[in-house]
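J.: Structure incoming, see below.
The values are calculated or read from the model by the stated rules, or taken from the named source; none is laboratory data. Quick caveat: nothing in here was measured; it's all calculated off a predicted structure. Cβ atoms come from the backbone with ideal geometry, glycine included; neighbour counts cover every protein chain shown. When the accessible area is computed, the model is the full protein with side chains, heavy atoms only, and any ligands, DNA or RNA have been set aside. Shrake-Rupley method; radii C 1.70, N 1.55, O 1.52, S 1.80 Å.
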Amino acid sequence: MTAVRSDTAVRIDGVSRFFGSGAARVQALDNVSLDVRSGEFLCLLGASGCGKSTLLGLITGLDAPTTGTVDTTNRRAGMMFQDSALLPWLTAGGNIEVPLRLRGIRRGERRERVERLLAMVRLAGLADKRPHELSGGMRQRVSLARAFAQEADILCMDEPFGALDAMTRDLLHDELERIWRETGVTVIFVTHDVREAVRLGDRIVLLSSRPGRVAEVFDVDIERPRRIDSARVAELATVVTTRLREEVGRHGH
Amino acid sequence: MATESGTSTRFRSQTADFDAETGLAVDAALAGLDALDIPTTQRRPLASRAWAATWPKIGALALFLLLWQLVVWSGWKPSYVLPGPGKALSEFGSRLGTSHFWDALARTLVRAVEGYALAVVIGVVVGVAVSRSTILRTAVGSFITALQTMPSIVWFPLAILLFKLSESAIMFVVVLGAAPSVANGVIYGVDYVPPLLVRVGRSMGASGFSLYRYVVAPAALPSVLAGLKQGWAFAWRSLMAGELLVIVPGHPSVGADLQNSRELLDTVGVMASMITIFVVGVVVDAAFNTADQRMRVRRGLVAEGTSAVRAARGSRGLGVAGGAVDPVGSSGDGTMPPPADPGAGGGDGGHSGGAG
Ligand SMILES: Nc1ncnc2c1ncn2[C@@H]1O[C@H](COP(=O)(O)OP(=O)(O)OP(=O)(O)O)[C@@H](O)[C@H]1O
Ligand SMILES: [Mg+2]
C-alpha cells in the first residue's frame with residue numbers, strides 16, 4: 001500500500017453548498033463531514049430534497065462545495081445517475097463503450113469488455129438495442145454496466161434501482177453486491193428505501209432535511225449475503241425508519 | 001476495522017458458492033422478466049410505407065395541375081401568355097434530351113454545392129465559436145440573426161460592384177445567404193444540450209474536445225440539421241436570384257435560361273425552367289427529410305405506424321429545431337403530416353382510413 005492509497009477513500013470536511021443567490025438562495029448541505037472508507041459500501045439515506053444528489057455531485061467533482069473540502073485521495077470517482085441518463089443517440093453497447101473509448105482502450109478489447117459487461121447485468125445480446133427500445137429496468141442495467149465500465153475506484157450511485165419492480169431490484173442487489181466484493185470498489189449508494197440501505201450497506205448515513213446535515217451513522221452488522229426480507233434486516237430497518245421519521249418530521253413539509 | 005481482511009475472505013468464499021448455486025436461477029428469472037420487457041417492433045412492408053409517403057404528394061400535384069388547367073380553360077389570359085400544364089410539361093420533357101439543359105443544370109448545381117459547402121464550413125466555425133464565447137455572443141450573436149433576415153437580393157448591387165458579373169459575385173451572396181442559418185442552428189443546438197448529458201459525459205472523464213465529440217455534437221445534431229436544411233433553402237434562393245441578375249457570358253445556367261426565356265417572351269420556356277427549379281427543391285428537401293427521419297427513428301423520437309401519435313406530433317417534429325429562426329416558408333416539407341386538428345380529438349381514423 002502506498003501512502004496515497006489510504007484507508008479513507010473520500011474525506012468530506014465541513015462541506016456546505018448553496019444554490020442561487022439573493023432571496024432565492026437555497027442551502028442544500030450544511031457543514032457535512034464524513035469519511036468514506038476504502039472498499040466500503042456506504043448508503044446515504046434521507047428525505048427527498050435533502051441534498052443527496054448534491055453530495056454525490058461534489059464527490060464526483062461535477063460541482064464544487066461553497067465552503068469546505070472534498071478530497072477523493074487521488075481516486076477516480078464514477079457516477080451512475082438518478083435516471084438512467086443514457087445517451088439516446090447510441091445503442092446500449094455504444095453507451096457502455098463511451099467510457100472505454102475515453103480511456104483509449106482499443107477497439108477489439110472494447111468489444112470484448114462490452115460483451116462481458118452486458119452479460120454481467122444479464123443483458124447479453126442486446127448490445128444493438130437503442131435506449132428507447134429498452135424497458136426502464138433494462139435501461140438502468142445498461143447504466144449500471146456503463147458505470148462499471150468506468151472502472152472508477154469510487155462508484156457513486158444515485159437511486160439506481162428506484163424505478164424497478166421488487167423482483168428485478170432484488171436480483172440487481174445480488175449482482176451489485178457480487179461485483180462490489182469481486183472488484184473491491186468503494187460504493188456510495190443513495191436511496192430513499194431504508195430496507196435497501198440495510199440490505200446493501202456496511203454503514204448507513206442518515207441526512208437531515210433542508211439543509212442536509214449528517215443526522216446519524218448506523219453500522220450494519222448483519223452477515224452477508226443478506227436477504228431484504230430477513231428478520232434482521234427488517235429489525236434494523238425499523239430502527240432507522242423511526243429515526244428517519246424524526247428527521248423528516250422536524251420540518252413541517 | 002481489525003476484522004476487515006478476515007471478513008472479506010469469508011465473503012469471497014461465499015461468493016463462489018453463492019454464484020454457482022444461484023447464477024443460473026438468476027439468469028432464468030431475469031430472462032423471464034426481460035421477455036416481458038422487450039418491446040415488439042412491427043414494421044410495415046416497404047412497399048406499403050413507400051405508397052403511404054407518395055400518394056398524398058401525387059394527389060396534391062394532380063390537384064395543382066387541375067387548377068392550373070382550369071384557369072387556362074377559363075380564358076383568363078391568352079394561351080401564349082399562360083400556357084396549360086400539358087405544354088409546359090412537354091417542353092420540360094423535350095429539354096431533358098438536350099445537352100444544353102444538362103450543362104446548365106450541372107453548372108447551377110455545382111454553384112449551389114460549392115456555395116453551400118463553404119457556407120456550412122463558415123457557419124459551423126462561427127456557430128461553435130459564438131456558442132463557446134460569451135464575448136463573441138454579445139458581440140455578434142444578434143447580428144447573425146439580423147443577417148439571416150436580410151433578403152439576399154439586397155446584397156447583389158454590392159456583390160456586382162465588388163466582383164463584377166462573375167462566379168465570385170454569385171458565390172458571395174449564396175454564402176452570405178446560407179451561413180447565418182447554419183451558424184444559428186449550431187448555436188441553438190449547443191445551447192439546448194441537456195445539462196444532465198453534459199454531466200454524464202464529464203463524469204465519464206470527457207472534457208474539452210472529447211466532451212464535444214461524445215456529447216455536445218450528437219446532442220446538438222437535431223438543431224444543426226434544422227439549420228443545415230434552412231441554410232440550404234436560403235442558399236438555393238440566393239443562387240436563383242443571383243443567376244437571374246448575374247449572367248456570366250458563356251456560362252449557361254438554369255437561372256440564365258429562365259431570364260433568357262423571359263426576354264424572348266417564351267412563357268412555356270419560363271415554366272419549363274421553373275419546373276426544373278421546383279424538382280431540384282423537392283429532391284433536396286426529400287434528402288433532408290430522410291436524414292431527419294432516420295435520426296429521429298434512431299433516437300426513438302418517432303412512433304412508427306401509430307397514426308394517433310403521428311397526427312399529434314405536429315408539423316415540425318423537434319422542439320429544439322423549432323427554436324431556430326424560420327425563413328419565410330423555407331421548409332416546404334410535404335412529407336410531414338398536417339398538424340393535429342384540435343377538433344378531431346381522439347379520432348385517428350381520418351387520414352389513414354382514406355389510405356386503406
Ligand atoms: N442546480 C440547482 N439549483 C438550485 N437549487 C438546487 C439545484 N440543485 C439542487 N438544488 C436544491 O438543493 C436541494 C437538494 O437537492 P438534491 O437534488 O441534492 O436532493 P436529493 O436529496 O437528491 O433529493 P431526491 O431524493 O428527491 O433526489 C433541493 O432543495 C434542491 O431544490
Ligand atoms: Mg437526488
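J.: For the structure I just gave you, tell me whether A:V10 is open to solvent by less than 10 Å² (accessible area, probe 1.4 Å), more than 13 Å from the chain's Cα centre (by Cα) and within 16 Å of ligand 2 (Cβ to nearest atom).
T.: It is false that A:V10 is open to solvent by less than 10 Å² (accessible area, probe 1.4 Å), more than 13 Å from the chain's Cα centre (by Cα) and within 16 Å of ligand 2 (Cβ to nearest atom).
J.: Of the numbered conditions (1) over 19 Å from B:I170 (Cβ atoms); (2) open to solvent by less than 20 Å² (accessible area, probe 1.4 Å); (3) not small (G, A, S), B:V279 fails exactly one; give the number of that condition.
T.: The failed condition is (2).
J.: Can you pull out every residue in the stretch B:199-235 that is more than 10 Å from every other protein chain (Cβ to nearest Cβ) and either closer than 19 Å to B:T290 by Cα or not in a helix (DSSP H, G or I) (or both)?
T.: Within the stretch B:199-235, B:A220, B:S223, B:V224, B:L225, B:A226, B:G227, B:L228, B:K229, B:Q230, B:G231, B:W232, B:A233 qualify.
J.: Of the numbered conditions (1) outside the structural domain of A:L56 (by TED's automatic domain parsing); (2) touching a residue at least 12 places away in the same chain (Cβ under 8 Å), A:R116 satisfies every one except a single condition; which is it?
T.: (2)
J.: Right, here's the next one. Out of (1) within 12 Å of chain B (Cβ to nearest Cβ); (2) part of a helix (DSSP H, G or I); (3) at pLDDT below 90, what's the single condition that is false for A:L126?
T.: (2)
J.: Identify all residues within the stretch A:59-74 that are more than 13 Å from the chain's Cα centre (by Cα) and crowded, with 19+ Cβ neighbours inside 10 Å; write none if there are none.
T.: A:P65, A:V70, A:T72
J.: Would you point out which residue out of B:S203, B:S238, B:S207 is more than 30 Å from A:C156 (Cα to Cα), modelled with pLDDT under 95 and among the polar types (S, T, N, Q)?
T.: It is B:S238.
J.: Where residues in the stretch A:103-122 are in contact with a helix residue (DSSP H, G or I) (Cβ under 6 Å, 6 or more places away or on another chain) and within 11 Å of another protein chain (Cβ to nearest Cβ), which of them is least open to solvent (accessible area, probe 1.4 Å)?
T.: A:V121
J.: Any idea which of A:S84, A:S33 is surrounded by fewer than 16 Cβ atoms within 10 Å (Cβ to Cβ) and either at pLDDT below 90 or not charged (D, E, K, R) (or both)?
T.: Criteria check complete, one pass: A:S33.
J.: Here is a further query. Answer with yes or no whether A:V32 is more than 14 Å from chain B (Cβ to nearest Cβ), within 12 Å of ligand 1 (Cβ to nearest atom), under 22 Å from A:V220 (Cα atoms) and within 20 Å of the chain's Cα centre (by Cα).
T.: Taking the combined requirement at face value, the residue satisfies it.
J.: Now a separate question. When you look at A:R169, is it more than 16 Å from ligand 1 (Cβ to nearest atom), in contact with a Phe, Trp or Tyr (Cβ under 7 Å, 6 or more places away or on another chain) and more than 10 Å from chain B (Cβ to nearest Cβ), yes or no?
T.: yes
J.: Continuing with this model, one more query. Name the single residue, out of those in the stretch A:129-154 being in contact with a strand residue (DSSP E or B) (Cβ under 6 Å, 6 or more places away or on another chain) and within 11 Å of chain B (Cβ to nearest Cβ), that is farthest from A:S84 (Cα to Cα).
T.: Among those residues, the one meeting the criterion is A:A152.
J.: Give the number of residues within the stretch A:37-58 that are within 11 Å of another protein chain (Cβ to nearest Cβ) and either in contact with a Lys or Arg (Cβ under 7 Å, 6 or more places away or on another chain) or hydroxyl-bearing (S, T, Y) (or both).
T.: 3
J.: Go through the stretch B:223-252 and give me each residue that's touching an Asp or Glu at 6+ places or on another chain (Cβ under 7 Å) and within 11 Å of B:G185 (Cβ to Cβ).
T.: Selection gives B:L225 alone.
J.: Checking B:V72 against (1) in contact with a Ser or Thr (Cβ under 7 Å, 6 or more places away or on another chain); (2) over 25 Å from B:V284 (Cα atoms); (3) in contact (Cβ under 8 Å) with a residue 24 or more places away in the chain, which test does it fail?
T.: Result: B:V72 fails condition (3) only.
J.: Taking the stretch A:181-209 on its own, how many of its residues are open to solvent by less than 20 Å² (accessible area, probe 1.4 Å), away from ligand 1 (no atom under 16 Å from the Cβ) and either modelled with pLDDT under 90 or part of a loop (DSSP other than H, G, I, E, B) (or both)?
T.: 2
To keep it simple, each residue is scored yes or no on (1) among the acidic types (D, E); (2) closer than 28 Å to A:R250 by Cα; (3) in contact (Cβ under 8 Å) with a residue 40 or more places away in the chain.
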{"residue": "A:V32", "(1), (2), (3)": "no, yes, yes"}
{"residue": "A:S53", "(1), (2), (3)": "no, yes, yes"}
{"residue": "A:L56", "(1), (2), (3)": "no, yes, yes"}
{"residue": "A:I59", "(1), (2), (3)": "no, yes, yes"}
{"residue": "A:L62", "(1), (2), (3)": "no, no, no"}
{"residue": "A:T66", "(1), (2), (3)": "no, yes, yes"}
{"residue": "A:M79", "(1), (2), (3)": "no, no, yes"}
{"residue": "A:S84", "(1), (2), (3)": "no, no, yes"}
{"residue": "A:A92", "(1), (2), (3)": "no, no, yes"}
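J.: Of the conditions (1) farther than 19 Å from B:A117 by Cα; (2) open to solvent by less than 10 Å² (accessible area, probe 1.4 Å), B:G185 fails just one. Which one is it?
T.: (1)
J.: Give the stretch A:65-87 a look and list any residue that's away from ligand 1 (no atom under 16 Å from the Cβ), of a type in the set (S, T, N, Q) and away from chain B (no Cβ under 14 Å), or say none.
T.: A:T69, A:T73, A:N74
J.: Just checking, how many residues over the stretch A:129-173 are part of a helix (DSSP H, G or I), outside the structural domain of A:R110 (by TED's automatic domain parsing), closer than 25 Å to A:G46 by Cβ and not small (G, A, S)?
T.: Of the residues in the stretch A:129-173, 5 are part of a helix (DSSP H, G or I), outside the structural domain of A:R110 (by TED's automatic domain parsing), closer than 25 Å to A:G46 by Cβ and not small (G, A, S).
J.: Sticking with this structure for a sec: Evaluate the following for A:L62: is it within 9 Å of chain B (Cβ to nearest Cβ) and within 16 Å of ligand 2 (Cβ to nearest atom)?
T.: yes
J.: Can you tell me which of (1) touching an Asp or Glu at 6+ places or on another chain (Cβ under 9 Å); (2) at negative phi; (3) open to solvent by 10 Å² or more (accessible area, probe 1.4 Å); (4) away from ligand 2 (no atom under 16 Å from the Cβ) is the one A:F41 doesn't meet?
T.: All conditions pass for A:F41, except number (3).
J.: Show the residue pairs meeting these rules: Cβ distance below 7 Å; 6+ apart or different chains; first residue within the stretch A:218-244 and of a type in the set (G, A, S); second residue open to solvent by 50 Å² or more (accessible area, probe 1.4 Å).
T.: A:A237/A:R195
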